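**Q** Have a look at this one.
The numbers here are math on the coordinates, done by the rules we state, and not lab data. Model, not experiment: these values are computed from the prediction. So basically every Cβ, Gly included, is an ideal-geometry build from the backbone, and we count neighbours across all protein chains shown.
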Amino acid sequence: MSFVRTSHHLLHPDSGCTLPEHEVTPQAVYLRRRQLLQGLAGAGALAGAGGLIGAPAWAQGQAAVVKGPGKLPALAAQRTAVAGGVVMDKLTPYDDVTTYNNFYEFGTDKSDPARNAHTLKTRPWMVRIEGEVLKPLTLDIDQLLKLAPMEERIYRLRCVEGWSMVIPWVGYSLASLLKQVQPTSKAKYVEFYTLADAKQMPGLRSSVLDWPYVEGLRMDEAMHPLTLMAFGLYGEVMPKQNGAPMRLVVPWKYGFKSAKSIVRIRLVEREPVSSWTAAIPREYGFYSNVNPKVDHPRWSQATERRIGEGGLFTPRRPTLMFNGYEAQVGQLYAGMDLRKYY
Ligand code: MTE
């Protein structure tokens, strides 16, 4: 299978493209997802308040038992090819996606979040959206789940550390959420704040970062259709270690831009200072677009190790400009010196 599939390989129910899902998905995962979607169809959950776009033929059938943290109530069982945002690289196995994590609030080892994040309380969960907006809002997680139709989007995730995964997220474009608050003309940037509660998050005892974890995007980046507010992965409710109940996914930027367990979103006039930029400004800039030609001061960014593809001796893959999403997002940076704005 080739590394990057071109747009005619995108799987879209209306496109006439017939790439069978079992060609791109490990068999066990494919079967598990089929079971999940059959379960949802059987339970009538597909008609949930998120809005049913239409269940594909393979989502019909009998109820089935689901492993993991539980099914996502508003999941509309449709894989969409939004703005070319679907990749057909082989999916990273569920077990790798949920046991090899960066979530420093639960510890700095890759295995810490899976071990420690059970203490995170994801209900009730309120999110405040405020700042340069006409209609500030506080929404609870049930309102957020119903706010727009859920889509499954398969994106590459490239960590600044030099590893990558391919993850089937479930969520909707951040733009759907931001439109609700009616940004004013002063809203030039969006700031994201993560939960910081020492009672739930043992990692807060460490001073590796200033808590809460803060991230930011320029307004046009935030409104780009690829920018996803994710509530689940592999058709399931977001596992806690992956940023439950709601995390950002910005697939063309290094993974640390994708803030987990978000509690506050602020629209602002000035460029926000992200936690990683505040900690080490020379190494982590505001933009942090995936770029094989701009190295990290301490290591090359030209290649990456795909998690789940074998050990340290497996050949590394070339890293793609904007993580392979250049056609969709390259224009956002036209004329900018990407070495200066790293
Ligand atoms: N969000 C918070 N709140 N805390 C973190 O430590 N780590 C970031 C990002 N979001 C992080 C975070 C980094 S460095 C990466 S690579 C991704 O989450 C990892 O997401 P994953 O564990 O779901 O693969």
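**Q** Skipping prolines and chain starts, which residues have an amide H placed within reach, meaning under 5 Å, of the one on Leu233, given they are 5 or more residues away or on another chain?
**A** HN-HN under 5 Å from Leu233: Val170, Met238.
**Q** Calculate the FRET efficiency for Lys186 and Asp96 from the Cβ-Cβ distance with a Förster distance of 41 Å, rounded to the nearest 0.05. Could the numbers behind the result be given before it?
**A** Values: r = 42 Å, r/R0 = 1.03.
Efficiency, from the Cβ-Cβ distance: 0.45.
**Q** Taking the alpha-carbon centroid of each part, what is the distance from the stretch 103-161 to the stretch 214-232 in angstrom?
**A** Cα centroid of the stretch 103-161 versus Cα centroid of the stretch 214-232: 12 Å apart.
**Q** Count charges around Trp299 for me, please; just the other residues with Cβ under 15 Å from its Cβ, Lys/Arg as +1, Asp/Glu as -1.
**A** Numbers: positive: Arg158, Arg282, Lys293, Arg298, Arg305, Arg316; negative: Glu161, Glu283, Asp295, Glu304.
Here the count lands on +2.
**Q** Let me ask you something else. Identify the trypsin sites (Lys or Arg not before Pro) of the stretch 193-285 meeting these criteria: DSSP loop state and at most 10 other C-beta atoms within 10 Å of the C-beta.
**A** Working: sites: Lys199, Arg205, Arg218, Lys240, Arg247, Lys253, Lys257, Lys260, Arg264, Arg266, Arg270, Arg282; in loops: Lys199, Lys260, Arg270, Arg282.
Of the trypsin sites (Lys or Arg not before Pro), the ones in loops of the stretch 193-285 whose Cβ has at most 10 other Cβ atoms within 10 Å are Lys199, Arg270, Arg282.
**Q** So which of Lys253/Lys293; Lys90/Lys257; Lys121/Lys257; Lys146/Lys179; Lys199/Lys257; Lys188/Lys240 end up more than 20 Å apart, counting from Cα to Cα? Mind showing how you got there, number by number?
**A** Numbers: Lys253/Lys293 14 Å; Lys90/Lys257 23 Å; Lys121/Lys257 23 Å; Lys146/Lys179 15 Å; Lys199/Lys257 25 Å; Lys188/Lys240 31 Å.
Checking Cα-Cα distances, Lys90/Lys257; Lys121/Lys257; Lys199/Lys257; Lys188/Lys240 exceed 20 Å.
**Q** To the nearest 0.05, what FRET efficiency results for Met223 and Asp142 with a Förster distance of 22 Å applied to their C-beta separation?
**A** Calculated transfer efficiency: 0.35.
**Q** Turning to a different aspect of this structure: Residue separation times 0.36 nm, minus the C-alpha to C-alpha distance between His118 and Ala279: what's the value?
**A** Numbers: separation 161, 0.36 × 161 = 57.96 nm, distance 2.73 nm.
Result: 55.2 nm gained on full extension.
**Q** Okay, next question. Tell me the label-point distance for the pair Met126, Thr108, using the 7 Å Cα-to-Cβ offset, in nm and rounded to one decimal.
**A** The answer from the label model is 3.4 nm.
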